[in-house]
Amino acid sequence: MTSYNQDSFQSRESYTAQIHLPGHLFEELVWWALQALPDEILVGLDIDAQTPHVPEVQALFQSSEHTDGLFQGQGFIIGEAHIVNRGDSYSVHHLPEDWTDDMFSTSRGSRAGRFTHWLHTHPNAPAIPSHADADAAQETHGVDMILGLRFSPEGPLPWYDDVEGVRRRVGAEAQPTPTKRRRRSFFARQNLPVLGVAPSGHKIHEIQLIAFRKNGLGINVILVDEEGLPFGWDNLRTETTQ
Ligand SMILES: [Zn+2]
């Protein structure tokens, strides 16, 4: 998470807005994604209206192109996450007609409407929006997020890599090594870096996370702790004062 935030900081000028996601929620999302395999999951996210972004953090990651009022919930830390649906890359976006009536009537009370932000997973595929994702995003008031995971054993989902777009990886260990090009082979795949092992036994080789607006513009994600401070905050702060 520290290296992810470092990347968010280095590339801050590429974004017009930012969104702060608590690390404990992020860990939960990764675990839910693995538990749902081979399905994708759709997760509804709500802001915590009591917790705006910490102003110093907001200022540090702010770009010269920063724009206020771009999306609903802008400026507030994400507060909760609920799994809403699971399915393949098309069906996951299509919610049952009456889902708001039954599924969340108790936990969401009178606010049992649509969530502000949405996240869905890409099992063994990069976190880059598909056409179906772009369509689904048109109804989102906040931002859409994609969590891409590369894991093994692959089961019925071999790693699919034939996608163009900017990749945002979590974990310095997972950055591709700039060594000489190797032919894709069974043996090369055995040498993938391992970020961690899930309780399900899956080895996680790569985690990617992005957020975007329905107009296609990227939103910079910052992973924060319980105090709303980014992981690696001390280093980030000293970097800017040098
Ligand atoms: Zn997708």
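Just so it is clear, none of the values below were taken in a lab; they were calculated from the coordinates. Computed from a prediction, not measured in an experiment: that's the story for all the values here. Backbone-built Cβ (ideal geometry, glycine too); neighbour counts: all protein chains shown.
At what distance in angstrom do the alpha carbon centres of segment 192-241 and segment 33-59 lie from each other?
If you average the Cα positions of each part, the centres end up 11 Å apart.
What are the residues whose amide H is under 5 Å from the amide H of L42, where those residues sit 5 or more places off or on another chain and H is modelled from the backbone?
Those lying under 5 Å, H to H, from L42 are V84, N85, R86.
Each residue of segment 46-63 in order: what ³J(HN,Hα) in whole Hz does its phi give by Karplus 6.51 cos²θ - 1.76 cosθ + 1.60, θ = phi - 60°, with x for Gly and Pro?
Result, rounded to whole Hz: 10, 7, 9, 5, 8, 10, x, 3, 5, x, 5, 6, 3, 5, 5, 8, 6, 9.
To check my understanding: the extent here is largest minus smallest coordinate of the Cα atoms along each principal axis. What are those three numbers for segment 1-44, in Å, largest first?
For segment 1-44, the Cα extents along the three principal axes come out at 36, 20, 16 Å.
For F151, F231, which order do you get if you count the other beta carbons within 10 Å of each Cβ and list the fewest first?
Working: F151 27, F231 18.
Listing F151, F231 from fewest to most nearby Cβ atoms yields F231, F151.
What FRET efficiency do you get for A59 and E154 if R0 is 41 Å and r is their Cβ-Cβ distance, rounded to the nearest 0.05? If you can, show how the numbers build up before the last one.
Working: r = 43 Å, r/R0 = 1.04.
Computed FRET efficiency for A59 and E154 comes out at 0.45.
Could you give me the ³J(HN,Hα) list for segment 121-134, computed from phi with Karplus coefficients 6.51, -1.76, 1.60 and θ = phi - 60°, whole Hz, x at Gly and Pro?
9, 10, x, 6, 8, x, 7, 9, x, 8, 4, 4, 5, 5
Once amide H atoms are placed 1.01 Å from N in the peptide plane, what residues at a sequence separation of 5 or more from L37, or on another chain, have their amide H within under 5 Å of its amide H?
HN-HN under 5 Å from L37: empty list.
Taking θ as phi - 60°, what are the ³J(HN,Hα) couplings along segment 7-20 by the Karplus curve (6.51, -1.76, 1.60), each to the nearest whole Hz, with x for Gly and Pro?
Once rounded to whole Hz, the list reads 5, 4, 5, 4, 9, 4, 6, 7, 10, 9, 7, 10, 9, 9.
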